[in-house]
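Remarks on the structure that follows.
Here, each number is a calculation from the coordinates, and none is a lab measurement. If you're wondering where the values come from, they're calculated on a predicted model, not measured in any experiment. Note that each Cβ is placed from the backbone with ideal geometry, even for glycine, and that neighbours are counted across all protein chains shown.
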Amino acid sequence: MRKATVLQKSNVAKKEKIATLLLGSSVIVLFLIGWELLFQFRVVNPLFISAPSRVVLALIAIIGDGSLAENLAISAKEFLFGYGAAILVGFPVGILLGWFKLIRDAFGPFIAAMQATPRIALMPLFIIWFGLGITSKIVVVLLSAIFPLIVNLQVAMSTIDNDLVHVSRAYGASRWQIFRSIALPTSLPFLVTGLRLAAGRGLLGVIVAEVFGGAEGIGYMIQYAGSTFQTDKVFAGVLVVALTGITLDFTLDRLGRHFDRWRGDAAVH
């Protein structure tokens with residue numbers, strides 16, 4: 001009886017997922033059809049906006065001539081270095097700020113001020129300090145991605161269930177044991193959320209840095225196409241960025257689900 005109930009719930013969940021997917025896909029398809037019709041009937045000026053069919057042709061063209069792969073590789077390199085640096089720095093900083101009240105009180109205002117500062121406003125300084133090469137782009141990605149990680153881990157560390165901590169201490173657990181068995185597993189959802197937010201911010205940082213201070217990369221390709229009124233190519237570049245962001249978010253979401261299983265195992269032990 002119980003297995004039948006579980007199977008029925010599973011089937012209902014699958015049907016809901018399929019219905020949601022079909023509904024979302026239908027909206028996208030209708031939007032693209034409407035957009036194409038506006039272009040075909042000359043409702044919009046082709047000089048300022050393209051059509052889905054022309055965007056696809058432009059995408060095929062930049063794939064064929066190799067410019068997409070070349071620029072994408074450069075942007076990916078900038079993103080990976082900056083995002084990796086954000087993880088290496090943001091993870092311990094967020095833990096320290098959340099775990100030690102004295103450090104949080106001392107450096108919290110500074111972190112808040114840096115988080116509120118728009119990175120694009122600092123781009124001229126980064127160009128002066130690091131030049132127009134890859135280093136300035138990496139710094140922009142680093143500063144764009146690091147604060148979601150710091151804030152999420154700080155919140156995770158500072159909102160641990162006090163009852164669990166008191167019980168652990170009553171049984172003689174050390175600070176390190178409490179951190180490893182309670183604080184770290186509890187913080188995993190916050191960490192994954194921070195990684196997902198950081199990925200989006202970092203990707204945005206790459207594009208912004210390349211648009212305002214680059215001579216290569218996807219952002220520069222979009223900026224150059226826009227300045228020469230190649231709207232098809234602009235939309236093709238934006239589409240590539242959007243698909244990259246969706247892929248990153250999906251990958252990190254799957255990673256988070258894997259960590260959820262590990263978290264459950266850690267809680268049992």
Item checked: Ranking of ASP65, ASP232 by count of other Cβ atoms within 10 Å, fewest first -> ASP65, ASP232
Checklist line | Gain on full stretching of the segment that runs from ARG254 to VAL89 - 0.36 nm per residue minus C-alpha separation | finding: 57.1 nm
Note to self: What's the whole-number percent of alpha carbon pairs in the range 186-239 lying beyond 14 angstrom?
What the structure shows: 60 percent
